[in-house]
Amino acid sequence: MDAGGGGNTDVFGSSTAPLTWHDFLDRMRHPSAADFVKSIKSFIVSFSNRAPDPEKDSASVQEFLLNMEGAFKVHMLWAGSSEEELESAGEGLEKYIMTKLFNRAFASLPEDVKHDEELYEKISLLQQFVTPENLDIKPNFRNETSWLLAQKELQKINMYKAPRDKLVCILNCCKVINNLLINASIALKDNPPGADDFLPVLIYVTLKANPPQLYSNLLYIERYRRRSRLVSESAYFFTNIVSAESFIWNITAESLSMDEMEFQRKMDSARAYLLGQSTDIENLKDQANESIPDHKTQASEVQRSVGSYMQKNVYNVPPTPIVKAPSLSDLENKGASEILKDDQPIKYFQEYPFLFAQPGDLTVDDVENLLNCYKQLVFKYISLSKGMGIPIASPAASGTQSQSKADTDKESEGVIEEETSAEKV
């Protein structure tokens, strides 16, 4: 696949991405890269101190990447390098710059944030009743397994900060769909699928996935992905996901081949359903809180009070004595079974941003957040074990902890922040 600028190089290949990143960091450690280091740090500081202006911000990033890549080509560090190696350097630079500027550049305007929230809410309603039939998806293109896989790929988009990495999530999602359509067409000896077949399936997958901040993610890629690389297949699939987002944002009864009154009725019904779910959860929380007279209330009293309330008000059955508390293992197995039965299991993990991350995805800024998450998890586990009177198993000894290459390189933060020989020059 040609992603632009790199000939036939598969710059989206998972095997080449770490190599690209580490090669860039290694070269930036060289003493002769001191001027590059200073220019990069100066640009980051200057950009961060400006008030957000997406159009100007995008132009300045694109110009900086263009100028730096031009400087790479004539520098001794890349003397005799192939086009592929120069392309890798550009990829590494883009990832470093935009990882550092992510908090400043992503969803930087209030109106973008509002659009994200409204889109997420609208999709939450639509996904309650929109069917493949509403989008005129052919029966032979309906495959729940492939759709679920495509959804999971798209839902990974918020795990990354670099435009390229976010684009890869979209590309992987679209690849799954495209392969499904091709295989289905071959099986039926039908004509190759076209855009009219692909886009409806992508719309449906996007509705079912409903990744938070989808609008801002698309804007971020459009603004900060190097223009010379947003071409060919990646540009085609990116254009399709933008079209899918636009279709969903402007969706009407007519676009779903549905009567207007029926569409409004279904929207109102979905809204009432989601509101009811939210109200039920809040009522349970409020009742549980009312059961606690003060902070000294014993855990056993709270458990009996909440349990009694749930039996009387939720299940509508009289209280029954607890014979034996289930073990943590039993609870975990039961919970895992329930998750696997859910149509959208990924939703339970969205508040845990590091669950699917790789070592290379983490930055120094993530360490504090990750440590806090770990402490909260341990505290909840210990509290649950003690509250249920279950022995707490000690974790296995891990032996000597070796520092990973990802830690050594401080990937997303990068060696530019270290006191390297390049800085000392």
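The values are calculated or read from the model by the stated rules, or taken from the named source; none is laboratory data. Here the structure is a predicted model, which means the values were calculated and not measured. Note: ideal-geometry Cβ built from the backbone for every residue, glycine included; neighbour counts use all protein chains shown.
Cβ-Cβ contacts under 9 Å between residues 6 or more apart (or on different chains), taken from a first residue in region 250-276 that is on the phi < 0 side of the Ramachandran plot and free of Cβ contacts under 8 Å to residues at least 60 places away in the same chain to a second residue that is assigned to a helix (DSSP H, G or I) and polar (S, T, N, Q), are listed as A253/Q264; S255/N134. Scanning region 171-182 for residues that are of a type in the set (A, V, I, L, M) and in contact (Cβ under 8 Å) with a residue 12 or more places away in the chain, we see that the one that is surrounded by the most Cβ atoms within 10 Å (Cβ to Cβ) is I177. If you go through region 54-97 and keep only what is basic (K, R) and in contact (Cβ under 8 Å) with a residue 40 or more places away in the chain, you end up with just K95.
Pairing residues of region 183-200 that are exposed (fewer than 15 other Cβ atoms within 10 Å of the Cβ) with residues that are assigned to a helix (DSSP H, G or I), at Cβ distances under 8 Å and at least 6 apart in sequence or on separate chains, gives A187/N140; L188/N140; D190/N140; D190/A184; N191/S185; P192/I182; P192/S185; A195/N240.
Exactly one condition in (1) under 17 Å from K166 (Cβ atoms); (2) at pLDDT below 95; (3) in contact with a Lys or Arg (Cβ under 8 Å, 6 or more places away or on another chain) is false for A105; which is it? Failed condition: (2). A single entry from S255, S146 fulfils the requirement of being of a type in the set (G, A, S) and surrounded by fewer than 19 Cβ atoms within 10 Å (Cβ to Cβ): S255. For the criterion of being crowded, with 19+ Cβ neighbours inside 10 Å, closer than 26 Å to S88 by Cβ and free of Cβ contacts under 8 Å to residues at least 60 places away in the same chain, K166 passes. In region 220-245, what residues are small (G, A, S) and closer than 17 Å to L93 by Cα? Of everything in region 220-245, just one residue is small (G, A, S) and closer than 17 Å to L93 by Cα, namely S228. A search for C-beta distances below 7 Å between a residue of region 207-218 that is more than 12 Å from Q155 (Cβ to Cβ) and assigned by TED's automatic domain parsing to the domain that holds T131 and any residue that is in a helix (DSSP H, G or I) and hydrophobic (A, V, I, L, M, F, W, C), counting only pairs 6+ apart in sequence or on different chains, returns L207/I123; L207/L126; L207/I248; Y215/L119; L218/I241; L218/V242. Taken together, the residues in region 237-252 that are surrounded by fewer than 14 Cβ atoms within 10 Å (Cβ to Cβ) and assigned to a helix (DSSP H, G or I) amount to 2.
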